[in-house]
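Step one of this worksheet: look at the structure below.
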Amino acid sequence: MGLPTAGRDLLAHGIGGAKDLPIPLELAIAGAVAALVVSFTVLAVAWRTPRYDAATSGRPAPAWLDRLTSSTAWRVALRVLGFVFFLYVAAAAVFGQDTLVNPFLGVFYTLLWVGLVPASVLLGPVWKAISPSRTINAVLAKVSGSDPEVGMYTYPERLGYWPAAVGLYAFVWLELVYPHSTEIGPVRLWCAMYIGIMLIGGALFGNRFYERADPFEVYSSLVAKLSVWGHRDGRLVIRSPLANLDTVPVAPGLVGVVAVLFGSTAYDSFKEASPWVKFVQTTSIPSGLIDNVALLVFCVGVGVIFAAGCMATGVGPDVRRSTLPDVFAHSVVPIIVGYIIAHYLTYLVEYGQTTIVQLSDPFSRGDDYLGTADLEVNYWLSFHPDFLARLKVGAVIVGHVLGVIAAHDRAVRILPRRHQLTGQLSLLVAMVFFTVGGLYLLFAA
Amino acid sequence: MRATRLTPLATTLLLVTLGVAGCGGDDTTPEPETSSSASASDSPSASESTSESASATPSDNTQTPEPERPTIEITFEGDTVTPNGERVAVPLGEEIDLVITADAPGELHVHSTPEQELAYEAGTSTLPLVIDQPGIVEVESHDLELVVVQLEVR
């Protein structure tokens, strides 16, 4: 406190400088109308028999690609790369200075949290391939001669994705609510706890734990279902993103994961809005309490609205109504990705470049280990707000369309015939609410 | 069979809708300033008028006879500040004045890219500020931990 180190004092509330301009009203309205029209068009004219089937969908990828990506050398190479990078950033976190030019913050909040989304959409489940806790777990298993897949106990399937939902909430709480989120110490502590829990979980339950409880792996693997890469009978296949999305493994808590992801991003937009800032700054309620409650309300609100939308339908005798939110939750993933692109694109592109520059000097001593220290950050996106606004609305609408189609296909698969149309209506309303609400926040916040 | 015939229809409808949406947005291209016409009258030539020294003879500015320099008045009183999180439209790349009346010296943090810091004394002082990149820029009082204004720079 009070130290004249520019970085430390400057950013009490976030990193990355200026925020995006709001999108124009006419664009927001056009987007909202498009979302409505598309939704009901899909409902009215789309197919009536399920189209996506994990057991048959996708065509085999080229044999050389399959051989390459399933080879041990490839996997080990990715693990080594990921782990070297992890150690490099960990060194900056432990030995670097507590300033905002320490690349640790940029790597954690930008490259990892936001960059994970485009990386997974393009390449598939990247975090699974490079996750340092998986690597440590695999090495420990190798040394002790055991199998990293199995732990001391079987992972309780009743838990499903709930641990990941809690972990994701812990992340967004750190990023959006915790007042010292841009100081090295607390973020480092968060990461240490994350790694510790992951290692214990891996030892107890094997790799299944990472598939269900590692927040970053669950996020990455979920988003990777929008990529073209899939596996069927152990072979690499190329699928349409919609067919791939249909293969998301359904388990309890999936609805919690998507609610935290969408709700927290919406809250991040909302908390920048001037009326909200004015309210928080003038009310006598402590701002820490307000922020905590607001984040929780956004996440729980999204979950409740979505669950209600899913469950307000007639079901057949073979389907339990309470399972429907998890069964349909995959259809929110494209909506999340569209909104993440809209909300974070400038941040990822511009602060991501800044982070790559900072990475060359992890200890803030003027080093240039990677040769990137002198790169100039390109702010083209910020200087083209019209283009950016269109891109954002486009991303939100494409995400919405994919989500509606995914939900429709799932509905015609599991709902009884006479409820297939009416049963989708409430879910459709919930999705339109998310999309229009997201567009409204992009316009108003 | 019905579905396969209807799929192109759905696709067409979708494209038409998106096209309409795109056209609706296109209306704004010729005059990007329409939404904030009040304050933006002096900003269309922002890119050329960055050379502030020529302001004595604004020959290129035919509509406005004497371009008013945008001013934001900020008052610090004890633990409070006015304005308190308002949003203010600000022209890109032009100098604006923050007129600060304060009962104690302090510092404002301008969260532009790159960041700027402005120190002020007790009493009334005028601090010039230029933001060269479009966006929402928060001006924060670090001592009070309050957002004073959000500058909407375009």
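If you go through segment A:325-339 and keep only what is surrounded by fewer than 23 Cβ atoms within 10 Å (Cβ to Cβ) and among the hydrophobic types (A, V, I, L, M, F, W, C), you end up with just A:Val327. A:Asn378 falls short on exactly one of the conditions (1) part of a loop (DSSP other than H, G, I, E, B); (2) of a type in the set (S, T, N, Q); (3) more than 30 Å from A:Gly394 (Cα to Cα), and that condition is (3). Does A:Phe387 qualify as being surrounded by fewer than 23 Cβ atoms within 10 Å (Cβ to Cβ), part of a helix (DSSP H, G or I) and without any contact (Cβ under 8 Å) to a residue 60 or more places away in the chain? Yes, satisfied.
When segment A:250-293 is filtered for residues that are aliphatic (A, V, I, L, M), without any contact (Cβ under 8 Å) to a residue 12 or more places away in the chain and either within 11 Å of chain B (Cβ to nearest Cβ) or in contact with a Pro (Cβ under 7 Å, 6 or more places away or on another chain) (or both), the ones remaining, listed by number, are A:Val277, A:Val280.
For A:Ala141, the conditions (1) in a helix (DSSP H, G or I); (2) of a type outside the set (D, E, K, R); (3) over 15 Å from the mean Cα position of the chain (by Cα); (4) at pLDDT 95 or above all hold with the exception of (4).
Being in contact with a helix residue (DSSP H, G or I) (Cβ under 6 Å, 6 or more places away or on another chain) and at negative phi narrows it down to one residue among A:Leu391, A:Leu324, A:Leu345, A:Leu421; which is it?
Only one candidate qualifies: A:Leu324.
In summary, A:Ala373 fulfils each of the numbered conditions (1) among the aliphatic types (A, V, I, L, M); (2) more than 17 Å from A:Ala430 (Cβ to Cβ); (3) within 11 Å of another protein chain (Cβ to nearest Cβ) with the single exception of condition (3). Please work out which residue is farthest from A:Val327 (Cα to Cα), limiting yourself to segment A:392-408 and to residues that are surrounded by fewer than 23 Cβ atoms within 10 Å (Cβ to Cβ) and more than 11 Å from every other protein chain (Cβ to nearest Cβ). Per the stated criteria, the residue is A:Ala395. Among the criteria (1) of a type outside the set (D, E, K, R); (2) surrounded by fewer than 21 Cβ atoms within 10 Å (Cβ to Cβ); (3) at pLDDT 95 or above; (4) in a loop (DSSP other than H, G, I, E, B), the one A:Pro362 does not fulfil is (2).
From the list A:Arg418, A:Arg410, which residue is more than 27 Å from A:Gly438 (Cβ to Cβ) and assigned to a helix (DSSP H, G or I)? Checking each option against the conditions leaves just A:Arg418. Of all residues assigned to segment A:332-348, at least one qualifies as being among the small types (Gly, Ala, Ser), more than 14 Å from chain B (Cβ to nearest Cβ) and assigned to a helix (DSSP H, G or I).
Taking segment A:161-180 as the range and being hydroxyl-bearing (Ser, Thr, Tyr) and free of Cβ contacts under 8 Å to residues at least 40 places away in the same chain as the test, only A:Tyr178 passes. All conditions in (1) of a type in the set (Gly, Ala, Ser); (2) part of a helix (DSSP H, G or I); (3) more than 25 Å from A:Val218 (Cβ to Cβ) hold for A:Ala329, with the sole exception of (3).
A quick yes/no check of all residues on (1) closer than 14 Å to A:Pro125 by Cα; (2) surrounded by 17 or more Cβ atoms within 10 Å (Cβ to Cβ); (3) modelled with pLDDT of 95 or more; (4) under 17 Å from the mean Cα position of the chain (by Cα):
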{"position": "A:Ile195", "(1), (2), (3), (4)": "no, no, yes, no"}
{"position": "A:Phe209", "(1), (2), (3), (4)": "no, yes, yes, no"}
{"position": "A:Asp214", "(1), (2), (3), (4)": "yes, yes, yes, yes"}
{"position": "A:Leu226", "(1), (2), (3), (4)": "yes, yes, yes, yes"}
{"position": "A:Gly234", "(1), (2), (3), (4)": "no, no, no, no"}
{"position": "A:Ser240", "(1), (2), (3), (4)": "no, no, yes, no"}
{"position": "A:Gly288", "(1), (2), (3), (4)": "no, no, no, no"}
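Looking only at segment B:81-104, decide whether some residue is within 14 Å of another protein chain (Cβ to nearest Cβ), in contact with a Gly (Cβ under 8 Å, 6 or more places away or on another chain) and surrounded by 15 or more Cβ atoms within 10 Å (Cβ to Cβ). Scanning segment B:81-104, I find no residue that is within 14 Å of another protein chain (Cβ to nearest Cβ), in contact with a Gly (Cβ under 8 Å, 6 or more places away or on another chain) and surrounded by 15 or more Cβ atoms within 10 Å (Cβ to Cβ), so the answer is no.
Might you check whether a residue that is on the phi > 0 side of the Ramachandran plot and touching a residue at least 12 places away in the same chain (Cβ under 8 Å) occurs anywhere in segment A:109-130? Looking for residues that are on the phi > 0 side of the Ramachandran plot and touching a residue at least 12 places away in the same chain (Cβ under 8 Å), one finds at least one in segment A:109-130, hence yes. Comparison of A:Ser120, A:Ser146 shows that the only residue that is of a type in the set (Ser, Thr, Tyr), in contact with a Leu (Cβ under 9 Å, 6 or more places away or on another chain) and surrounded by fewer than 16 Cβ atoms within 10 Å (Cβ to Cβ) is A:Ser146.
Cβ-Cβ distances below 6 Å connect the following pairs, each with a first residue in segment A:328-343 that is in contact (Cβ under 8 Å) with a residue 40 or more places away in the chain, a second residue that is of a type in the set (Phe, Trp, Tyr), and a separation of six or more residues or different chains: A:Ile335/A:Phe434; A:Ile336/A:Phe262. Just one of the listed residues (A:Val177, A:Val166) is out of contact with any Leu (no Cβ under 7 Å at 6 or more places or on another chain) and either crowded, with 18+ Cβ neighbours inside 10 Å or not charged (D, E, K, R) (or both), and it is A:Val166.
Contact annotation: residue pairs with Cβ atoms under 7 Å, 6 or more positions apart or on different chains, pairing a residue in segment A:44-57 that is in contact (Cβ under 8 Å) with a residue 60 or more places away in the chain with a partner that is part of a loop (DSSP other than H, G, I, E, B), are A:Tyr52/A:Asp246; A:Ala54/A:Asp246; A:Ala54/A:Thr247; A:Ser57/A:Arg239.
The values are calculated or read from the model by the stated rules, or taken from the named source; none is laboratory data. The shown structure was predicted, so the numbers you read here are calculated from the model rather than taken from an experiment. Ideal geometry is used to build each Cβ from the backbone, glycine not excepted, and the neighbour counts take in all protein chains shown.
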